[in-house]
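Chemist: Handing you this structure, nothing more for now.
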Amino acid sequence: MNTNNKDEPEVIYTYTRKQAIEDGILVPVGFIGNQSVVITANLFKEGYEDEQKRKDLVNRGLELLRQPDSEDTPYMKLRVISKDKIWVIWNGEGFTYMKPEDY
């Protein structure tokens, strides 16, 4: 039981970004400043091995993330790039591009 705050569940285990990369779940594709950019392997296999297609996707996600949203927090933003197909999430670890089912 979490003794710090009764409203927050106790975290038993976290799966780190580094572990997901090592396991092949996430594919590192670069950096934006000091923030890493990864794509889920599931999405990467859908043609994003192609560098130009991948750059176009990353740029589209960045454009959407620049637009304010009432659900944004200082710690996380999520944007739908293509409904039911592609999301981008920004958090303290960087940018993650994924299919909704990868979440």
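Chemist: Add -39500 (n - 2.57) for each DSSP H run of 4 or more in the chain, then divide by its residues: what number comes out at 222 nm, to the nearest 500 deg cm²/dmol?
Modeler: Details: 3 runs with 26 residues, N = 103.
Taking each H run of at least 4 residues, the total per residue is -7000 deg cm²/dmol.
Chemist: May I pose another question? Among (1) 0.95; (2) 1.17; (3) 1.50, find the value of Cα Rg over 2.2 N^0.38 Å that was calculated from the structure presented, and write down its label.
Modeler: Given (1) 0.95; (2) 1.17; (3) 1.50, the structure-derived one carries the label (2).
Chemist: Just add up the charged neighbours of Leu62: K/R +1, D/E -1, any other residue whose Cβ is under 12 Å from the Cβ of Leu62.
Modeler: Around Leu62, the charge tally is +3.
Chemist: Just subtract the alpha-carbon distance of Asp72 and Asp23 from 0.36 nm times their residue separation and send over the number in nm, one decimal.
Modeler: On the way: separation 49, 0.36 × 49 = 17.64 nm, distance 2.94 nm.
Length difference between fully extended and current span is 14.7 nm.
Chemist: Follow-up question, since we're still on this one. Taking the Cα centre of the chain as origin, sum charge times position over the Cβ atoms of Lys and Arg (+1) and Asp and Glu (-1), and report the length of that vector in debye to the nearest 20.
Modeler: Numbers: 14 positive and 18 negative charges, 59 e Å.
In debye, rounded to 20, the chain gives about 280.
Chemist: Could you run the Karplus curve 6.51 cos²θ - 1.76 cosθ + 1.60 with θ = phi - 60° over region 18-33 and give me ³J(HN,Hα) per residue in whole Hz, x for Gly and Pro?
Modeler: Once θ is set to phi - 60°, the couplings for region 18-33 become 4, 5, 5, 5, 4, 7, x, 6, 10, 10, x, 10, x, 9, 10, x Hz.
Chemist: For region 24-102, with the dipole built from +1 on Lys and Arg beta-carbon atoms and -1 on Asp and Glu ones, taken about the Cα centre, which of Leu62, Thr40, Thr96 lies farthest toward the positive end?
Modeler: Leu62
Chemist: Further question on the same structure: Past 19 Å, Cα to Cα: identify those pairs from Lys18/Lys83; Lys18/Lys85; Lys53/Lys77; Lys53/Lys99; Lys45/Lys77, in the order given. Each step should come with its number before you reach the end.
Modeler: Numbers: Lys18/Lys83 28 Å; Lys18/Lys85 25 Å; Lys53/Lys77 23 Å; Lys53/Lys99 16 Å; Lys45/Lys77 24 Å.
With Cα atoms farther than 19 Å apart: Lys18/Lys83; Lys18/Lys85; Lys53/Lys77; Lys45/Lys77.
Chemist: Per residue of region 36-50, what does 6.51 cos²θ - 1.76 cosθ + 1.60 with θ = phi - 60° give for ³J(HN,Hα)? Whole Hz please, x for Gly and Pro, Karplus curve as stated.
Modeler: 3J(HN,Hα) across region 36-50, in whole Hz: 6, 10, 10, 10, 5, 4, 4, 6, 3, 5, 8, x, 8, 5, 6.
Chemist: Check Ser36: other-chain or 5+ apart residues with amide H under 5 Å from its amide H, H built from backbone geometry?
Modeler: So Ser36 has HN proximity to Phe95.
Readers should treat all values here as calculations from the given coordinates under stated rules, not as data from a laboratory. It should be emphasised that the depicted structure is a prediction, and the values quoted were computed from it without experimental measurement. When we count neighbours, we look across all protein chains shown, and the Cβ atoms used for this are built from the backbone with ideal geometry, even at glycine.
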